[in-house]
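As structure tokens, the structure follows; a few thoughts come after it.
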Amino acid sequence: MRRRIIYDPGEPVVLREYPVEALAVLDQSILESADIPSMIRYDRAGEITQRTHLLVRREHLKEAQEVLSAPVSPVDGDAAEDFDK
């Protein structure tokens, strides 16, 4: 009997794995600013978090990878001067 594989674009997939929860939360906020929905999942042993995963929908995976791997540009001169005030 053949097995049928169903492709679900809304299925959550792991985008990245983190050793520290704060890094996952930071990347989640970056994705949120790009209007990409995401969620954090924890692998725990009792009360101790061992790993933290950032998940996105399969349909947003490629875009999320591009957003998180984009180089960070330095602040331009005008914005830096406004910031110092």
Just checking, which of 56, 72, 67 is surrounded by fewer than 13 Cβ atoms within 10 Å (Cβ to Cβ), among the β-branched types (Val, Ile, Thr) and either out of contact with any Cys (no Cβ under 7 Å at 6 or more places or on another chain) or assigned to a strand (DSSP E or B) (or both)?
72
Under the condition of being over 19 Å from residue 63 (Cα atoms) and touching a residue at least 12 places away in the same chain (Cβ under 8 Å), which residue from the range 29-51 is surrounded by the fewest Cβ atoms within 10 Å (Cβ to Cβ)?
42
Those residues of the range 11-28 that are under 16 Å from residue 63 (Cβ atoms) and out of contact with any helix residue (DSSP H, G or I) (no Cβ under 7 Å at 6 or more places or on another chain) come to a total of 3
Is it the case that some residue within the range 31-47 is part of a helix (DSSP H, G or I), at pLDDT 95 or above, among the aliphatic types (A, V, I, L, M) and within 14 Å of the chain's Cα centre (by Cα)?
yes
Residue 38 in contact with a strand residue (DSSP E or B) (Cβ under 9 Å, 6 or more places away or on another chain) and hydroxyl-bearing (Ser, Thr, Tyr):
yes
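The values are calculated or read from the model by the stated rules, or taken from the named source; none is laboratory data. This is a predicted model, so every value here is computed, not measured. Don't worry about glycine lacking a Cβ; one is built from the backbone with ideal geometry, like all the others, and counts go over all protein chains shown.
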